[in-house]
1. Could you please tell me which pairs satisfy a Cβ distance under 6 Å, a separation of 6+ or placement on different chains, a first residue in the stretch 102-128 that is in contact (Cβ under 8 Å) with a residue 40 or more places away in the chain, and a second residue that is in a loop (DSSP other than H, G, I, E, B) and not polar (S, T, N, Q)?
2. Is one or more of the residues making up the stretch 277-289 farther than 18 Å from GLU314 by Cα and not in a helix (DSSP H, G or I)?
3. Considering the stretch 19-41 alone, what residues qualify as being under 24 Å from the mean Cα position of the chain (by Cα) and free of Cβ contacts under 8 Å to residues at least 60 places away in the same chain?
4. In the stretch 206-252, how many are within 23 Å of LYS288 (Cβ to Cβ) and touching a residue at least 40 places away in the same chain (Cβ under 8 Å)?
5. Condition first: surrounded by 13 or more Cβ atoms within 10 Å (Cβ to Cβ) and modelled with pLDDT under 90. Now tell me which residues in the stretch 1-36 satisfy that.
6. Does at least one position in the stretch 348-369 carry a residue that is open to solvent by 50 Å² or more (accessible area, probe 1.4 Å), in contact with a helix residue (DSSP H, G or I) (Cβ under 6 Å, 6 or more places away or on another chain) and closer than 21 Å to THR308 by Cα?
7. Could you run through the stretch 409-435 and say how many residues are open to solvent by less than 10 Å² (accessible area, probe 1.4 Å) and touching a strand residue (DSSP E or B) at 6+ places or on another chain (Cβ under 8 Å)?
8. Which residue out of VAL203, VAL185 is touching a Gly at 6+ places or on another chain (Cβ under 7 Å) and of a type in the set (A, V, I, L, M)?
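The values are calculated or read from the model by the stated rules, or taken from the named source; none is laboratory data. These numbers were taken from a predicted model, which means no experiment stands behind them. Backbone-built Cβ (ideal geometry, glycine too); neighbour counts: all protein chains shown. When the accessible area is computed, the model is the full protein with side chains, heavy atoms only, and any ligands, DNA or RNA have been set aside. Shrake-Rupley method; radii C 1.70, N 1.55, O 1.52, S 1.80 Å.
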Amino acid sequence: QNRKAYAEDKPVFEPYQEAPLYVYVLTYMGYGIGILFGYLRDFMRNWGIEKCNAAVEREEQKDFVPLYQDFESFYKRNLYMRIRDSWSHTVCSAPEPYMNVMEKVTDDYNWTFRHTGKVIENIINMASYNYLGLAGKYDDSMVRVKDTLEKYGVGVASTRNEMGTLDIHKELEDLMAKFLNVEAVMSFGMGFATNSMNIPVFVGKGCLILSDEFNHTSVILGARLSGAVIRPFKHNNAENLEKLLREAIIRGQPGTGRAWKKILIVVEGIYSMEGSIVNLAQIVALKKKYKAYLYIDEAHSIGCTGPTGRGVRELFGLDPEDIDVYMGTFTKSFAGSGGYIGGKKEIVDYLRMQSHSTTYATSMSPVVAAQLIRSLKITMGYEGNIGGMERIQKLKENIKYFRRRLKEMGFIIYGNDFSPVIPVLLFMPAKVSAFSRFLLKKKVSVVVVGFPATSLPEGRARFSMSSAHTREMLDTVLEVIDELGDLLNVKYFPLKKSGRAILYNKEDFDNEASFEEMHSEPEA
């Protein structure tokens, strides 16, 4: 797998650092022990020794074909459930740099939660995809959003092919087409469905999809629904992709040997779990060489990547026609909801007639469309002194600063200096959970990720950068991470000594009250 770093403004692909072998051994041992105890607890549940909180088939349906397989939930029931409190927090504020979270507790070991009524305030938000800082409370730039609410209401109550296409939808699509420098764009009310419902429009039986192994679940679902043959290629590996292209052209369809009707290469602009940017120049070259089509998902890259935020195509300096189908979402940089498909006018016109979303799904809310128009105009510099160039530049500075400091501390991080997603590798599931819990205790929110969203040993924390983050906020977060890295022993390649005492003591790391004691600085 090609990993990335950057020299000046030109992409250079280099491997990431690998953790020592013992880390992988201990991680697999941890999962193995968890699985053994899982089987033991299932045995105790079956015999009534331990209460079973999981869903079970009703006794009167014992002769039915099972509605669900019990073993399918083994991982969630016995491993995920132990650390489930690290996810699904209830937020009660806008996703600004500081946010509020409702405190929750569990009385049955994470099977259910209840809110205590207490609100944890002023948590530094490193979890939301508010890349350009456009998601916030009402201000003067949102006047049109308010006016749209008064004029149109909230819902459309119809589909795009019936009575659900409004003039504000057309305005949004024309503005987005201008932003992307393509002939036409169509918007959709849900980002996930933009992939899952529209990929089947472009390919079907007799077609071949070559999909990056780290593509999003929405891409995978859309590819499966299409009926096309799917062959994944190694992440960002142009050599492996070319091998599959050559084999596909030489051998043709399985069984018959007939030529494929279409070959569609599907990639993402920025991969949300890796923080890596697609090797677009090489993929475009292969697409042209072998006469394939290219579909790119820019959910995490549009608006925040490239000199003016126009995505990875702009970052690589490629022609707009080098990509056949542009897909992206409005949920990250543009602080709204929904997604879009862009490209040649004939492609978009065909999509308007054939997409399941235009026939069966409710249209995008006009209020959301107004918010997206506001965000686009700010990004394009149409809205006074709060233009996107300043936001994009501030975001880039924050990314480089945060990554550099993490590297100096010794953490293994993925991604590159143009990706607002910064994964920090933690590996062991117990450390993933502890990392999240302690950061929240120190009023820092972060998304932690593990299997099956990542490979089994590569559990991680994922920091999402924003142009709204100040240097003081980042320094506060980095100080807490520095302490926590020493506590959990996840600094594998320190470039500088932290100056903190090594925490090899007999304190119980499960006792959160001991966290402050362990990190109290010695008196001079």
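1. Short answer, once both residue conditions are applied: ILE123/LYS443; ASN125/PRO97; MET126/VAL446; ALA127/VAL446; SER128/PRO95.
2. Checking the stretch 277-289: not a single residue is farther than 18 Å from GLU314 by Cα and not in a helix (DSSP H, G or I).
3. The answer is none; no residue qualifies.
4. 21
5. GLN1, ASN2, ARG3, LYS4, ALA5, TYR6, PRO11, PHE13, TYR16, GLN17, ALA19, listed by residue number.
6. no
7. 17
8. Testing whether each residue is touching a Gly at 6+ places or on another chain (Cβ under 7 Å) and of a type in the set (A, V, I, L, M) leaves just VAL185.
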